[in-house]
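Below you'll find the structure, written out as structure tokens, and then a few comments.
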Amino acid sequence: MGSIPQACPPGTCHAYQNVAFDTASEIVEHVSGQAYADAARQRLFAPLGMTSATVGRAGLQSAPSWARPHRYRKTPTTVQEAYYRVPAAGGVNSSIRDLNRWMLAQMGAAPAVLSAADLDALHQTRVLTPPRGGRAAGDPTDQAYGLGWRSFTFDGHHLVGHRGSVDGYVSLILFDPAEKSGIVMLWNANTFQPARLEYEFFDSLYGLPFTDRLRLDD
């Protein structure tokens with residue numbers, strides 16, 4: 001292990017890890033005295049009108065309509081219980097409408113639930129996140145991490161967002177706090193190719209020349 005090169009000195013950069021991220025659920029339960037799912041529903045989902053959002057596999061599978069997970073775009077798979085053991089990292093279920101409500105709240109549309117001070121604390125850049133595998137032309141720069149949110153610079157604009165995935169599902173949210181505009185996406189296959197669409201959205205928003213980021217012909 002001692003011979004493995006470091007990506008950066010300890011304490012100077014960040015790499016995502018589900019178990020560490022899920023410490024948030026234990027903190028919430030300790031401070032509130034509530035189960036994480038109950039606290040999330042009472043303090044966030046209900047006040048924001050996120051009527052389809054739930055925590056736990058039962059909440060997903062009991063929904064009137066839910067997309068079944070797939071591997072490699074077309075092979076059906078099953079919902080793994082293991083992801084719900086880390087609920088703050090991979091245990092929340094949502095519709096695209098409710099994910100949009102969550103994005104609007106992150107842009108300041110629900111100050112009674114998430115105040116400006118809350119959002120500043122959440123989105124504040126705290127540690128660098130060097131890209132793995134290098135950057136491609138047109139990719140965002142100045143990648144960093146706050147409290148559960150990534151931040152980027154894209155064509156001189158500050159963006160905030162995050163992606164998430166479990167076997168058979170991927171989600172993303174990315175927005176410009178100054179422009180009050182962003183994109184949310186959900187799809188039920190474990191491919192990241194659709195995620196390239198987020199930057200086509202911002203190319204269009206900022207009036208940049210079209211770049212075929214999806215590369216569907218590939």
Any residue in segment 114-137 that is more than 18 Å from the chain's Cα centre (by Cα), in contact (Cβ under 8 Å) with a residue 24 or more places away in the chain and part of a strand (DSSP E or B)? no
Scan segment 157-166 and tell me whether some residue there is in contact with a Pro (Cβ under 9 Å, 6 or more places away or on another chain), closer than 27 Å to Cys8 by Cα and without any contact (Cβ under 8 Å) to a residue 40 or more places away in the chain. yes
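Taking Val92, is it loosely packed, with under 14 Cβ neighbours inside 10 Å, of a type in the set (A, V, I, L, M, F, W, C), under 24 Å from Asp167 (Cα atoms) and under 20 Å from the mean Cα position of the chain (by Cα)?
Values: loosely packed, with under 14 Cβ neighbours inside 10 Å: no; of a type in the set (A, V, I, L, M, F, W, C): yes; under 24 Å from Asp167 (Cα atoms): yes; under 20 Å from the mean Cα position of the chain (by Cα): yes.
Considered against the rule, which asks whether it is loosely packed, with under 14 Cβ neighbours inside 10 Å, of a type in the set (A, V, I, L, M, F, W, C), under 24 Å from Asp167 (Cα atoms) and under 20 Å from the mean Cα position of the chain (by Cα), Val92 comes out as no.
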If you check every pair at least six apart or on different chains, which have Cβ atoms under 9 Å apart with a residue in segment 1-30 that is touching a residue at least 24 places away in the same chain (Cβ under 8 Å) first and a residue that is exposed (fewer than 12 other Cβ atoms within 10 Å of the Cβ) and basic (Lys, Arg) second? Ala7/Arg132; Ala15/Arg132
Would you mind stating whether Arg163 is among the basic types (Lys, Arg) and within 17 Å of the chain's Cα centre (by Cα)? yes
Which pairs turn up if I take residues in segment 197-218 that are of a type in the set (A, V, I, L, M, F, W, C) and look for partners that are part of a loop (DSSP other than H, G, I, E, B) with beta carbon separation below 8 Å, at least 6 apart in sequence or on another chain? Leu197/Arg213; Leu197/Leu214; Phe202/Asp155; Phe202/Leu208; Leu205/Glu179; Leu208/Asp155
Restricted to segment 9-50 and to residues being among the aromatic types (Phe, Trp, Tyr) and assigned to a helix (DSSP H, G or I), the residue surrounded by the fewest Cβ atoms within 10 Å (Cβ to Cβ) is Phe21
Can you tell me which residue is nearest to Ala24 (Cα to Cα) among those in segment 77-106 that are among the aliphatic types (A, V, I, L, M) and part of a helix (DSSP H, G or I)? Ala88
State whether one or more residues within segment 55-71 are of a type in the set (D, E, K, R), touching a residue at least 60 places away in the same chain (Cβ under 8 Å) and not in a loop (DSSP other than H, G, I, E, B). yes
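Any chance segment 105-113 includes a residue that's modelled with pLDDT of 95 or more, under 28 Å from Asn190 (Cβ atoms) and surrounded by 14 or more Cβ atoms within 10 Å (Cβ to Cβ)?
There is at least one residue in segment 105-113 that is modelled with pLDDT of 95 or more, under 28 Å from Asn190 (Cβ atoms) and surrounded by 14 or more Cβ atoms within 10 Å (Cβ to Cβ).
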Identify, please: which residue in segment 145-158 is part of a loop (DSSP other than H, G, I, E, B) and of a type in the set (Gly, Ala, Ser) and is, among those, nearest to Gly207 (Cα to Cα)? Gly156
For Gly161, which of the numbered conditions (1) of a type outside the set (A, V, I, L, M, F, W, C); (2) more than 16 Å from Phe201 (Cβ to Cβ); (3) not in a loop (DSSP other than H, G, I, E, B) fails to hold? (2)
All positions within segment 164-183 that are surrounded by fewer than 19 Cβ atoms within 10 Å (Cβ to Cβ) and not in a strand (DSSP E or B): Asp167, Pro177, Ala178, Glu179, Lys180
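The values are calculated or read from the model by the stated rules, or taken from the named source; none is laboratory data. Note that the structure is a prediction, hence the values are computed from the model and not measured. For neighbour counting, all protein chains shown are included, and Cβ atoms are generated from backbone atoms with ideal geometry for every residue, glycine included.
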